[in-house]
Amino acid sequence: MNGITTLILFPLVASLILFLVKGEKVRNVLVKLFALVVACMTLIVTFQNFGTGNAYSYQNEEVINIILMVLECLLAGYIIYLGIKNKKYLVSVFAAIQAPLILWFELTQEKGLEVENSIVFDKLTAVMILIIGILGSLICLYTVGYMKWYHNHHKEYKERKSFFFAVLFLFLSAMFGLVLSNNLTWIYFCWEITTFCSYLLIGYTKTEEAKNNSFRALTINVGGGLCFAIGIVLIGLKYKTLEMSVLTAIQPDSAILVPVFFLCVAALTKSAQLPFSSWLLGAMVAPTPSSALLHSATMVKAGVYLIIRLSPFLGTTSVGAIVTAVGSITFLLCSLIAISQSDGKKILAYSTLANLGLIVICASVGTTESLWAAILLVIFHAVSKSLLFLSVGSIEHQIGSRNVEDMDVLLKVSKRLSLYIMIGIAGMFLAPFGMLISKWAAMKAFIDSNHILTVVVIAFGSAATLFYWTKWLGKIVSNANLKKFKKHTFFIEEEAPIFAQAIIVVASCLAFPLISKYVLMPYLKEVFQTESFVLIGASDIKIMIFMLVMLIVLPISFIPFYKQSKRRIVPIYMAGENTGDNESFYGASGEVRQVELHNWYLKDYFKSTKLLFWGNLVSIVTLGAGIILLIGGLAK
Amino acid sequence: MLILMVIGIIILAPLVGGLLTGIDRVITARMQGRQGPPVLQPFYDVIKLLQKESIAVNLTHRFYIYLSLFFVVLTTVVMLSGGDILLAIFALTLGSIFFVLGGYSSHSPFSHVGAERELMQMMAYEPMVLIAAIGLYYVQGSFFIKNIIGTNTPAIIYLPGIFIGLIYILTFKLRKSPFDFSMGHHGHQEVVQGITTEYSGKDLAIIEITHWYEVVIALTLVFVFVASKSTLTVVLAFVVCALAYFLEIVIDNAFARMKWQFALKSAWLITAVLGIVNLLILSFFK
């Protein structure tokens, strides 16, 4: 049994064991152990296969296919039952169409199709499994700490921790399977498992809202799965192949764009682009580890991963233009909506949507430069966003709220947590961190390929982005006075993964020239048969590394000045006489008035309901135009 | 050699910026029928500020100003040595964000309002600045300023729309009416001193010096559009910079401060229209 198979199957075994173990202490130890094993195995498998890549098939694939078919039927049956029982009939309809379709296909047509390589490991796979394995195991470790206090703070939720951990590891297994598989039916199976895991995790708290949101996620993603199935069937029937690698080698023409379009729609649902975004926004009711793992770092990346794989068919084709348009609309509108949000997790959710939109744009523009930017964005976004979600989770634990308006006391509550979230936010948009580099590359890639409107969209989106992140940062550096405060332990299981991820954010930024040289360029060379290109020059890279070093060194150098500062500290200027506590002043007739400082939310301009309505409308029209273009292309 | 150039830029740029600020004050005064201060007044002001006691509201808010100065200086060095204009813009954004964070970190009401307004100003002009850099790359084939001004044709020939947009947002960058709602340079401010309310003495002096660098950076952006290989265009570029600066002074004196709603809407509208039209027309010729 080789490394890759173990990597896929081990989390499955771990999941089963964790589900059965009910004792808290034993289970926590097991989770930490399993997480460590997963991380180590990821590293081993990467080292083993990175240099030359790998591609093979299993001996008894017939058996595997039969097992998968049975499991698919069981899952579909369960989903149909769930839909009917909870009166969410649409999901039952989707599942009822999807399952027979793929079953018919597998039982009749699939027999004649040779699968040469059902597992393929290339450089892109390496990037994905590192993200899944390293970030995933850190998040599982964090969950141990998180769950220690979660049910104490929320006594109204039923405790199902074994279930939660089991689903997390099941999800990891499915994600590994998804990115390692080359057989489209296997990818599809893993895709559906991740959908199901997402449904289970969102519904964890069993509140009315959680139930509705979990069904919304299930419905939209099963609908996407239906599109995926249609795509597979069309490809299998017409092009007689089940392999992703074979598919992407076919020359683009109007006929193949039809199944590609279906696959892209599936990817857009998984990555929650407009008009399919509501499920991701609703998923924020889930406990924070699932938001970090599924809904920012990994599962939603599966959608953009698929689009990256399909990029040879995008670019200047009609499908490429449509997907670019959808990505652009999502990026622009979600960046603007994030300005009006004050719930920390909602801001992170809209930011995730926007950045996924950007990755979608890069992948669908399809040039070597834009794909370079796309993969870099995948890496840096996963790393920064999971750090942010974990930090917000711990902040919620410490101060009892995840509203940005309440985070001005954070510096007094926990200096370390403040530092971690500052690194996370900086990593999302500031020079010289990774996301900025990726956006830079993206802008250059778009203008090089004459995508004028997309460049303008990025310019506006970047402006909106800097506004909402900086105002959040502003709250964190406010250092407001702390009133009565109940101290909560910052568990080591919470802090260690956050700390590790903060290090990864900084290190990955320093290491990005190496990532480019040893991972991205060889991958792009394989896919496009082009020579290496330089997107960001060496002198620029040196200046950026200098900036990063200075960002670390300068604040540290201020510490001696801070410690022996002999400055006279005076009260804040309030235009009325400050009462002395820096929070209130003597107003008219000597009355004491409180000062409250709130951020701007610009709800008149960027209200989510209004913008989402227009965004959904425009993107639905765009997708409709795509269908018309496809039919037109076929008719020619 | 490189070290000498860097040191030269670091020392000379604020002197030029300060001088320009002084000239601004004299011309403004004459427009208002006053005598005006001596041209070197900004330098006298900074020297006076450095001698004053620096009081603070907490121990940390001044360090953001030092960080801001560092990155603004870095931006100036990158720009004036012909470096990558997009990297310079990102470094400038970093410096400006530290300035904004300084305003937040004092937790003081007028400072807080000023910081939000400053951030709003940044959001208003950022798209135009990015589009200007992209436009320059599109026509001149490089992001590096030394290459942009080393071509045969000045960029403004191909980018008239974007140039006009740049002049529009220059008012934001030079902190002039009608778009100076974050801090009061001239003492006519409804949020007291806005983002600089809680700074005094040495820190206020550093803020002043940072703004001198920013004047040079803003005018360099204008310069880059007009200069090219021939010396005539370089001379012309200096003239255009002077005219643009004079235009900003006129606008400053002619208009009252507008609200942030107008600032944001007008800046974004102008950016979108001029940016898209200019670039689309260019893309047809490519």
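Taking the criterion of being closer than 24 Å to B:Asn278 by Cα, within 7 Å of chain A (Cβ to nearest Cβ) and of a type outside the set (D, E, K, R), the residues of region B:100-153 that qualify are B:Met122, B:Met123, B:Pro127, B:Leu130, B:Ile131, B:Ile134, B:Tyr137, B:Tyr138.
On the basis of being surrounded by 24 or more Cβ atoms within 10 Å (Cβ to Cβ), more than 30 Å from A:Lys444 (Cβ to Cβ), polar (S, T, N, Q) and in contact with a Phe, Trp or Tyr (Cβ under 7 Å, 6 or more places away or on another chain), does B:Ser105 make the cut? First the steps, then the outcome.
Working: surrounded by 24 or more Cβ atoms within 10 Å (Cβ to Cβ): yes; more than 30 Å from A:Lys444 (Cβ to Cβ): yes; polar (S, T, N, Q): yes; in contact with a Phe, Trp or Tyr (Cβ under 7 Å, 6 or more places away or on another chain): yes.
Yes, satisfied.
Report yes if A:Asn582 is among the polar types (S, T, N, Q) and within 24 Å of A:Lys483 (Cα to Cα), otherwise no. Yes: the conditions hold for A:Asn582.
For region A:366-423, a residue qualifies if it is small (Gly, Ala, Ser) and farther than 30 Å from A:Phe446 by Cα, and the qualifying residues are A:Ser391, A:Gly393, A:Ser394, A:Gly400, A:Ser401, A:Ser414, A:Ser418. Among the criteria (1) facing another protein chain (nearest Cβ under 7 Å); (2) at pLDDT 95 or above, the one B:Phe63 does not fulfil is (2).
Evaluate the following for B:Lys202: is it in a helix (DSSP H, G or I), free of Cβ contacts under 8 Å to residues at least 60 places away in the same chain, over 22 Å from B:Gly8 (Cα atoms) and not hydroxyl-bearing (Ser, Thr, Tyr)?
Numbers: in a helix (DSSP H, G or I): yes; free of Cβ contacts under 8 Å to residues at least 60 places away in the same chain: no; over 22 Å from B:Gly8 (Cα atoms): yes; not hydroxyl-bearing (Ser, Thr, Tyr): yes.
No, not satisfied.
In region B:156-170, the residue that is farthest from A:Ala459 (Cα to Cα) out of those that are within 14 Å of chain A (Cβ to nearest Cβ) and assigned to a helix (DSSP H, G or I) is B:Gly161. Here B:Leu232 fulfils each of the conditions (1) within 14 Å of chain A (Cβ to nearest Cβ); (2) more than 18 Å from the chain's Cα centre (by Cα) apart from (1).
Cβ-Cβ distance below 6 Å, separation of 6 or more or different chains: which pairs start in region A:397-409 with a residue that is under 12 Å from A:Ser478 (Cα atoms) and end on one that is in a helix (DSSP H, G or I)? Short answer, once both residue conditions are applied: A:Val404/A:Gly344; A:Val404/A:Trp472; A:Val404/A:Lys475; A:Asp406/A:Ile399; A:Met407/A:Lys475; A:Met407/A:Ile476; A:Asp408/A:Lys475. Of all residues in region B:64-86, those that are touching a Ser or Thr at 6+ places or on another chain (Cβ under 9 Å) and without any contact (Cβ under 8 Å) to a residue 60 or more places away in the chain total 2. Has region A:431-448 got any residue that is away from every other protein chain (no Cβ under 12 Å) and among the small types (Gly, Ala, Ser)? Looking for residues that are away from every other protein chain (no Cβ under 12 Å) and among the small types (Gly, Ala, Ser), one finds at least one in region A:431-448, hence yes.
Report, by residue number, each residue of region A:333-354 that is farther than 17 Å from A:Val392 by Cα and open to solvent by 10 Å² or more (accessible area, probe 1.4 Å). Spell out how you get there, then give the answer.
Taking region A:333-354 as the starting set, the residues that turn out to be farther than 17 Å from A:Val392 by Cα are A:333-337, A:339-340, A:353-354.
Passing the criteria: A:Leu333, A:Leu336.
All of (1) modelled with pLDDT under 90; (2) more than 28 Å from B:Gly141 (Cα to Cα); (3) facing chain B (nearest Cβ under 7 Å) hold for A:Val409 with one exception: (3).
Output the residues belonging to region A:44-67 that are modelled with pLDDT of 90 or more and surrounded by 15 or more Cβ atoms within 10 Å (Cβ to Cβ). Passing the criteria: A:Val45, A:Thr46. Region A:526-636 holds helices (runs of 4 or more DSSP H) entirely within its bounds, and those carrying 1 or more residues that are within 30 Å of A:Cys264 (Cα to Cα) and among the charged types (D, E, K, R) map to A:608-635. When A:Ser565 is tested against (1) free of Cβ contacts under 8 Å to residues at least 60 places away in the same chain; (2) under 32 Å from the mean Cα position of the chain (by Cα); (3) surrounded by 13 or more Cβ atoms within 10 Å (Cβ to Cβ), only condition (2) is not met. Kindly evaluate A:Glu596 against the criterion of being loosely packed, with under 12 Cβ neighbours inside 10 Å, within 27 Å of B:Arg62 (Cα to Cα) and acidic (Asp, Glu). Yes: the conditions hold for A:Glu596.
When A:Glu209 is tested against (1) open to solvent by less than 60 Å² (accessible area, probe 1.4 Å); (2) part of a helix (DSSP H, G or I), only condition (1) is not met. Which one of these does A:Ala507 not meet: (1) open to solvent by 10 Å² or more (accessible area, probe 1.4 Å); (2) of a type in the set (A, V, I, L, M); (3) in a loop (DSSP other than H, G, I, E, B)? With respect to (1) open to solvent by 10 Å² or more (accessible area, probe 1.4 Å); (2) of a type in the set (A, V, I, L, M); (3) in a loop (DSSP other than H, G, I, E, B), A:Ala507 is out only on (3).
Kindly establish whether B:Arg257 is crowded, with 19+ Cβ neighbours inside 10 Å and under 20 Å from the mean Cα position of the chain (by Cα). Step through it out loud before you land on a result.
Working: crowded, with 19+ Cβ neighbours inside 10 Å: no; under 20 Å from the mean Cα position of the chain (by Cα): yes.
Considered against the rule, which asks whether it is crowded, with 19+ Cβ neighbours inside 10 Å and under 20 Å from the mean Cα position of the chain (by Cα), B:Arg257 comes out as no.
Would you mind finding the one in B:Leu69, B:Leu15, B:Leu87, B:Leu19 that is modelled with pLDDT of 95 or more and within 14 Å of another protein chain (Cβ to nearest Cβ)?
So the residue among B:Leu69, B:Leu15, B:Leu87, B:Leu19 that is modelled with pLDDT of 95 or more and within 14 Å of another protein chain (Cβ to nearest Cβ) is B:Leu69.
Screening region A:53-155 for helices (runs of 4 or more DSSP H) wholly inside it with 3 or more residues that are farther than 24 Å from A:Leu170 by Cα returns the ranges A:89-104.
Could we say that B:Phe98 is more than 14 Å from the chain's Cα centre (by Cα) and assigned to a helix (DSSP H, G or I) here? It is true that B:Phe98 is more than 14 Å from the chain's Cα centre (by Cα) and assigned to a helix (DSSP H, G or I).
Scanning region A:276-304 for residues that are under 15 Å from A:Ala266 (Cβ atoms) and open to solvent by 10 Å² or more (accessible area, probe 1.4 Å) returns a single hit, A:Phe276. Restricting A:Phe585, A:Phe558, A:Phe512, A:Phe533 to those that are open to solvent by less than 80 Å² (accessible area, probe 1.4 Å) and modelled with pLDDT under 80 reduces the list to A:Phe533.
Is region B:125-138 home to any residue that is touching a Ser or Thr at 6+ places or on another chain (Cβ under 6 Å), under 22 Å from B:Phe172 (Cβ atoms) and without any contact (Cβ under 8 Å) to a residue 40 or more places away in the chain? No, every residue in region B:125-138 fails to be touching a Ser or Thr at 6+ places or on another chain (Cβ under 6 Å), under 22 Å from B:Phe172 (Cβ atoms) and without any contact (Cβ under 8 Å) to a residue 40 or more places away in the chain.
Right, A:Met547: in contact (Cβ under 8 Å) with a residue 12 or more places away in the chain and either closer than 30 Å to B:Gln193 by Cα or loosely packed, with under 12 Cβ neighbours inside 10 Å (or both) or not?
Working: in contact (Cβ under 8 Å) with a residue 12 or more places away in the chain: yes; either closer than 30 Å to B:Gln193 by Cα or loosely packed, with under 12 Cβ neighbours inside 10 Å (or both): no.
So A:Met547 does not fit the description; no.
Considering the conditions (1) surrounded by 22 or more Cβ atoms within 10 Å (Cβ to Cβ); (2) more than 22 Å from B:Leu94 (Cα to Cα), B:Ala218 is excluded by exactly one of them, (2).
The values are calculated or read from the model by the stated rules, or taken from the named source; none is laboratory data. Everything numeric in this text was worked out from a predicted model, so none of it was measured. Note that each Cβ is placed from the backbone with ideal geometry, even for glycine, and that neighbours are counted across all protein chains shown. Areas reflect the complete protein model, heavy atoms only, side chains present, ligands, DNA and RNA absent. Shrake-Rupley method; radii C 1.70, N 1.55, O 1.52, S 1.80 Å.
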